[in-house]
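The structure appears below as C-alpha cells.
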Amino acid sequence: MKNFIHENFMLQTETAKKLYHEHAEKLPVIDYHCHLDPREIAEDRMFRSITELWLGGDHYKWRLLRANGVEEKYITGDASDWEKFEKWAATIPYTMRNPMYHWTHLELKRVFDIDKLLSPETAREIYETANNMLRQPQFSARGLMRRFRVEVVCTTDDPCDTLEYHRQIKESGFETKVLPTWRPDKSMAVENGESFRAYIRRMEDMCGFGIDSFSDYLNAIRQRHDYFQSCGCKLADHGIDNFYAEPCTTEEAATIFGKVTRLHEVLTPEEVVKFKSKMLYENALLNYEKGWVQQFHYGAIRNNNSRMFDSIGTDSGYDSINDPTGVAKLASLFFDSLEKEGKLAKSIVYNLNPRDNYLIAAMIANFQDGSCPGKIQFGSGWWFLDQKDGMEDQMNILSTQGLLSRFVGMLTDSRSFVSYPRHEYFRRILCNLIGDDVEKGLLPGSEMVFLGKMVENISYYNALGYFRF
C-alpha cells in the first residue's frame, strides 16, 4: 500500500496525473491574499517549535481541538508547546474527512519531508524531528517562502499601518515580492462610536493634520491610499457583512460623521448603512483611479461566543457562515453605480455561504465589459469553503455561468508560513476535475494542449496578468 501522501494523491485518472505533473506541479506560487505578518518576513523570523509555527493563530485547528473536548489551556492558554502539540496529535485521527486531515499530512510531507501519519504514537518523534529542522536557516520565514517558490505575497494592511516592514523587505533585496493590500474595514466601522473616534485620532497622527469634517476625512483616506500606492500596493480588500449600496450624498455622510465624531451620538442602523455605503463607494473610486483590483469578502458572522470574545478576542475560531439577504440586488446596485460612471475597477467577489454560489456567479456576468478577460471574478472557495467540496463547487458553478479558463485561482488566506501546500491541493483538485471530464468524454481528449495551458493559466499565469505583477 502506498503512503497516504504520494505523487498521485487526489489524482484519480491518468489524464489528471498528466495535467498535474506536466503542467501544474512546478509552477511558482502567487499568494495574492494572505494574513502573514510582514514584520516576520522583514526580520526573517525563526520559529522555536512546530507548535509556534503550526498551531499559533490557526483558528481552523482551534475549532477542531475544542470540538474534540480539549481544554482551552491547550489551545490558546499557557500550556507548553509540547502539551499543545500532543493534544493536536491526539485530535488528528478524529479529523478524518475534515480538510484539516489532508492539509496536516500534506504540510508535514512538503515542509518537513515527514511521511508518517500524525497520531499519539508518532507525536513525539514528529515533534522532535520538526523542531530540529526548524533550527536550520532554510526553515526561517523567508526560507519557507523560497522552499515553495513563492513569487508574490500580498498581505492585509490597515490604512493607518506604516508599511515600514514592507519597505525593509524591498530594501533587503528579498526575491519574493511582498506587497501591501489596502484593507479599510476599520475606517468604515462607524457603528462603534468610541472605536471610530480613536481610529480618527490615529489617522490624524498618520496624516499630520486634524480631521474635523467629513471632507478632511476623505482627504486623509486619499493621502493614505496614495501612500499605499507608493509602497507597491495593487489590491484593495473589503471585509463586509453585505454589499452596502444605500444612496448617500456627501452632505448626508458629513452629517453622520459629525454626529459620531463631534456630538458622540449613537447612530441608527440606517445611518450606519448609509455611511458604509458612501465609504465603500469612495474607496471604489480610488481603486479605479489607481488601477487596483478590489476584493470583496462578504458573508461572515463574527465573534458569536461573547464569553470567549471577552476572554481571548477576535480571530480565535468563533466566527461562522452568515445568511445575508438581498445580496444579489445590493451587489448589482453597487457595481451598477460605478459602471454608470465608467469607474468600475477589476473586482473579485468571495461569498462565504455556499447557497450564494450560483447567485454570485450569475450576477458578476452582468458587469464584464470586454476591457479585459475575466474583469469581474468569482473568487475561490473562501474560509469555510476552501476545501475539496467547496473548491469543486465553486469551479463547477463558475464553469456553468462563466469562464473557468479565465479564473485567477487559489490563495492561502492564511497567517502561517506553512500553508503554501494549499496551492498544491487546489491544483490537484483542478487537474482531477478536468481530468475526470476528459475520461468521461465530457471534454475532448484531443484538446490536451489547450487543457494543459488552461491548467497553467488558472494555477499561475492568469493571476500574474490580472494583478499586473
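List of remarks:
- Criterion applied to SER371, SER405 was being in a loop (DSSP other than H, G, I, E, B) and either more than 22 Å from GLN294 (Cβ to Cβ) or free of Cβ contacts under 8 Å to residues at least 60 places away in the same chain (or both), and the one residue passing it is SER371.
- Which numbered condition THR314 misses (of (1) part of a helix (DSSP H, G or I); (2) surrounded by fewer than 19 Cβ atoms within 10 Å (Cβ to Cβ)): (1)
- No other residue among ASP161, ASP212, ASP216 is part of a helix (DSSP H, G or I), acidic (Asp, Glu), within 30 Å of ASP241 (Cβ to Cβ) and assigned by TED's automatic domain parsing to the domain that holds SER414 apart from ASP216.
- Positions within segment 164-191 being part of a loop (DSSP other than H, G, I, E, B), of a type outside the set (A, V, I, L, M, F, W, C) and surrounded by 15 or more Cβ atoms within 10 Å (Cβ to Cβ), in sequence order: THR176, PRO180, ARG183, PRO184, GLU191
- Scan of segment 399-418 for residues that are crowded, with 22+ Cβ neighbours inside 10 Å and of a type in the set (A, V, I, L, M), ordered by number: VAL408, MET410, LEU411, VAL418
- The conditions of being touching a Gly at 6+ places or on another chain (Cβ under 9 Å), closer than 28 Å to LYS343 by Cα and small (Gly, Ala, Ser) are not met by GLY390.
- Selection from segment 333-347 of residues that are part of a helix (DSSP H, G or I) and touching a residue at least 40 places away in the same chain (Cβ under 8 Å): LEU333, PHE334, PHE335, SER337, LEU338
- Filter pass, TYR350 being hydroxyl-bearing (Ser, Thr, Tyr), in contact with a His (Cβ under 8 Å, 6 or more places away or on another chain) and in contact (Cβ under 8 Å) with a residue 40 or more places away in the chain: yes
- Residue within segment 231-253 that is assigned to a helix (DSSP H, G or I) and either farther than 27 Å from SER332 by Cβ or among the basic types (Lys, Arg) (or both) present: no
- Test: residue in segment 254-274 that is over 16 Å from GLY193 (Cβ atoms) and either among the β-branched types (Val, Ile, Thr) or under 23 Å from the mean Cα position of the chain (by Cα) (or both): no
The values are calculated or read from the model by the stated rules, or taken from the named source; none is laboratory data. Since the model is a prediction, treat every value here as computed from it, not as a measurement. Glycine also receives a Cβ, built like all others from the backbone with ideal geometry; neighbour counts cover every protein chain displayed.
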